[in-house]
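Visitor: Here it is, the structure in full.
The values are calculated or read from the model by the stated rules, or taken from the named source; none is laboratory data. From a predicted model like this one, the values you see are computed outputs, not experimental measurements. We place every Cβ from the backbone using ideal geometry, glycine too, and count neighbours over all the protein chains shown. We work out accessible area using only protein heavy atoms, side chains counted, and drop any ligands, DNA or RNA first. Shrake-Rupley method; radii C 1.70, N 1.55, O 1.52, S 1.80 Å.
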Amino acid sequence: ISAIGMVADNSVKSLALDAYGNLIIGTDNGLYIYDGHDGKHFVHDSRNPETISNDIVWGVFVDREHNLWLGTEYDISLARNDRDKRTVPIAELTGKGEGNRFYAIFKDSHKYLWLGGTNGLIRYDGRSGKSVSYKMSDKMNPIPHNRIRDIYEDREKGLWVATDGSIIRYDYAKSQFDKYLITDPSHSINANWSYSIFEDRSGKMW
């Protein structure tokens, strides 16, 4: 079996390597784990709360404790390093009934877990168990657009977020985001619709 053959005719959404060197593959047809020789396929089973929350897996992330986080069509699924899995409803993090389709999952150097998707951004502190939501409609924690495309940390530990309404940078002292309007010298081309952020070796942000 090969990784390509295992996911043939599937739409692959995300890829990651776990602590054991296994290839983690998020698709429109569940989660695949490939160890280089054999593959396993995980899908949602409504009879079993220990399965993944939804078969459409948009984001895959392995944290420093080797836990596997999945951003699915409906909720977050967490596979702990001890191999136990459980579903974490968004309401458990936010205390609200609003959903979100997650495109980006990132753990920063401050040990905050960031979750971004179609309905804003969530900052989760695993140490305290508390979370903060950032949305366009939130007067206390506003952001310019609810659709989050990418979350990136630069070499100086600055956290940047790409949205459909410009680039934003997190101010840890204020717990708020600063908005950046990025244009060319003629102001005819802008980066309001931003899908990805990257810092090159010379310190330039792309």
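Visitor: Specify which of the listed residues (Leu70, Leu78) is part of a strand (DSSP E or B), aliphatic (A, V, I, L, M) and surrounded by fewer than 19 Cβ atoms within 10 Å (Cβ to Cβ).
Guide: Just a single option satisfies the conditions, and that option is Leu78.
Visitor: So which of Arg169, Arg147 is open to solvent by 40 Å² or more (accessible area, probe 1.4 Å), basic (Lys, Arg), farther than 21 Å from Asp63 by Cα and without any contact (Cβ under 8 Å) to a residue 12 or more places away in the chain?
Guide: Exactly one of Arg169, Arg147 is open to solvent by 40 Å² or more (accessible area, probe 1.4 Å), basic (Lys, Arg), farther than 21 Å from Asp63 by Cα and without any contact (Cβ under 8 Å) to a residue 12 or more places away in the chain, namely Arg169.
Visitor: Hey, Phe61 hits all of (1) more than 24 Å from Asp150 (Cβ to Cβ); (2) touching a residue at least 40 places away in the same chain (Cβ under 8 Å); (3) outside any loop (DSSP other than H, G, I, E, B) but one; which does it fall short on?
Guide: Going through (1) more than 24 Å from Asp150 (Cβ to Cβ); (2) touching a residue at least 40 places away in the same chain (Cβ under 8 Å); (3) outside any loop (DSSP other than H, G, I, E, B) one by one, Phe61 breaks only (1).
Visitor: Tell me which residues, restricted to segment 174-206, are hydroxyl-bearing (Ser, Thr, Tyr), in a loop (DSSP other than H, G, I, E, B) and touching a Ser or Thr at 6+ places or on another chain (Cβ under 9 Å).
Guide: Of everything in segment 174-206, just one residue is hydroxyl-bearing (Ser, Thr, Tyr), in a loop (DSSP other than H, G, I, E, B) and touching a Ser or Thr at 6+ places or on another chain (Cβ under 9 Å), namely Ser194.
Visitor: From (1) in a strand (DSSP E or B); (2) over 17 Å from the mean Cα position of the chain (by Cα); (3) of a type outside the set (Phe, Trp, Tyr), pick out the condition that doesn't hold for Lys139.
Guide: Against the list (1) in a strand (DSSP E or B); (2) over 17 Å from the mean Cα position of the chain (by Cα); (3) of a type outside the set (Phe, Trp, Tyr), Lys139 comes up short only on (1).
Visitor: For residues that are open to solvent by 60 Å² or more (accessible area, probe 1.4 Å) and not in a strand (DSSP E or B), scanning just segment 3-28, find the one that is farthest from Trp69 (Cα to Cα).
Guide: Selected residue: Asp9.
Visitor: Continuing with the same structure: Criterion first (under 24 Å from Val62 (Cβ atoms), at pLDDT below 95 and of a type outside the set (Ser, Thr, Tyr)) does Gly158 satisfy it?
Guide: So Gly158 does not fit the description; no.
Visitor: Right, here's the next one. Assess whether Ser46 counts as being open to solvent by 60 Å² or more (accessible area, probe 1.4 Å) and either small (Gly, Ala, Ser) or over 17 Å from the mean Cα position of the chain (by Cα) (or both).
Guide: For Ser46, the condition - open to solvent by 60 Å² or more (accessible area, probe 1.4 Å) and either small (Gly, Ala, Ser) or over 17 Å from the mean Cα position of the chain (by Cα) (or both) - is met.
Visitor: Residue check: is Glu156 under 18 Å from the mean Cα position of the chain (by Cα), loosely packed, with under 15 Cβ neighbours inside 10 Å and either assigned to a helix (DSSP H, G or I) or at negative phi (or both)?
Guide: no
Visitor: Hey, among Lys139, Lys96, which residue is open to solvent by 20 Å² or more (accessible area, probe 1.4 Å), basic (Lys, Arg), modelled with pLDDT under 95 and more than 26 Å from Ile52 (Cβ to Cβ)?
Guide: On inspection, the qualifying residue turns out to be Lys139.
Visitor: Exactly one condition in (1) of a type in the set (Gly, Ala, Ser); (2) open to solvent by 10 Å² or more (accessible area, probe 1.4 Å); (3) in contact (Cβ under 8 Å) with a residue 40 or more places away in the chain is not met by Gly116; state its number.
Guide: Gly116 satisfies all of (1) of a type in the set (Gly, Ala, Ser); (2) open to solvent by 10 Å² or more (accessible area, probe 1.4 Å); (3) in contact (Cβ under 8 Å) with a residue 40 or more places away in the chain except (2).
Visitor: Residue check: is Gly36 exposed (fewer than 12 other Cβ atoms within 10 Å of the Cβ), within 25 Å of Thr163 (Cβ to Cβ) and more than 19 Å from the chain's Cα centre (by Cα)?
Guide: no
Visitor: Residue by residue through segment 172-206, note down the ones that are within 19 Å of Ser131 (Cα to Cα) and open to solvent by less than 70 Å² (accessible area, probe 1.4 Å).
Guide: Matches in segment 172-206: Tyr172, Ser175, Gln176, Phe177.
Visitor: Could you identify the single residue in Ile189, Ile122 that is in contact with a strand residue (DSSP E or B) (Cβ under 6 Å, 6 or more places away or on another chain) and either within 25 Å of Trp69 (Cα to Cα) or free of Cβ contacts under 8 Å to residues at least 60 places away in the same chain (or both)?
Guide: Every option except Ile122 fails the conditions.
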